[in-house]
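The values are calculated or read from the model by the stated rules, or taken from the named source; none is laboratory data. What you see is a predicted model, and the numbers here were worked out from it, not measured in a lab. Cβ: placed from backbone, ideal geometry, glycine included. Neighbour counts: every protein chain shown. Note: accessible area is taken over every heavy atom of the protein model, side chains too, but ligands, DNA and RNA are not part of it. Shrake-Rupley method; radii C 1.70, N 1.55, O 1.52, S 1.80 Å.
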Amino acid sequence: AQQILSLTLDRLRAEYREPAAVARYRSLEPFITGQHSSTSYREIARDLEMTESAVRMKVHRLRKRFGTLLRAEVADTVSDPAEVDEELQRLFSAIT
């Protein structure tokens, strides 16, 4: 489970190549990994010189893209595409 999550994060991270995009991704990644602790959208918005609502939208899109990539990563591990949802449930059970 951890390996699949790690591979998915690597694929997502690789999509952000330009320097400004890399910095933005690094600021937003904790909201994907659950490691944002006390960092707020407001603080990130200030740091990235964006509005708080723009940061919320970026995080939403990043999470959505992560989900798409995770689904694709899991699909590569099963023999039948119909097993993807079941395998995702197992993955989430393993990490919680």
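Within the stretch 67-95, restricting attention to residues that are over 21 Å from ASP10 (Cα atoms) and outside any helix (DSSP H, G or I), the residue that is least open to solvent (accessible area, probe 1.4 Å) is ASP80. Has the stretch 40-60 got at least one residue that is of a type in the set (A, V, I, L, M, F, W, C), free of Cβ contacts under 8 Å to residues at least 40 places away in the same chain and closer than 17 Å to ILE95 by Cα? The answer is no, given that none of the residues of the stretch 40-60 is of a type in the set (A, V, I, L, M, F, W, C), free of Cβ contacts under 8 Å to residues at least 40 places away in the same chain and closer than 17 Å to ILE95 by Cα. Considering the stretch 24-38, and only residues there that are surrounded by fewer than 14 Cβ atoms within 10 Å (Cβ to Cβ) and more than 30 Å from THR77 (Cβ to Cβ), the residue that is farthest from the chain's Cα centre (by Cα) turns out to be SER38. Do we have any residue at all in the stretch 11-27 that's modelled with pLDDT of 95 or more, within 16 Å of PHE92 (Cβ to Cβ) and assigned to a helix (DSSP H, G or I)? No - not one qualifying residue is present in the stretch 11-27. Can you tell me which residue is nearest to THR96 (Cα to Cα) among those in the stretch 4-23 that are open to solvent by 60 Å² or more (accessible area, probe 1.4 Å) and over 14 Å from the mean Cα position of the chain (by Cα)? My answer is ARG17. Scanning the stretch 39-66 for residues that are open to solvent by less than 100 Å² (accessible area, probe 1.4 Å), part of a helix (DSSP H, G or I) and farther than 23 Å from PRO19 by Cβ yields GLU52, SER53. In the stretch 10-22, the residues that are under 16 Å from LEU69 (Cβ atoms) form Cβ pairs under 7 Å with partners that are assigned to a helix (DSSP H, G or I), at six or more places apart or across chains, as follows: ARG11/LEU69; LEU12/ARG65; LEU12/PHE66; LEU12/LEU69; ARG13/TYR25; TYR16/VAL22; TYR16/TYR25.
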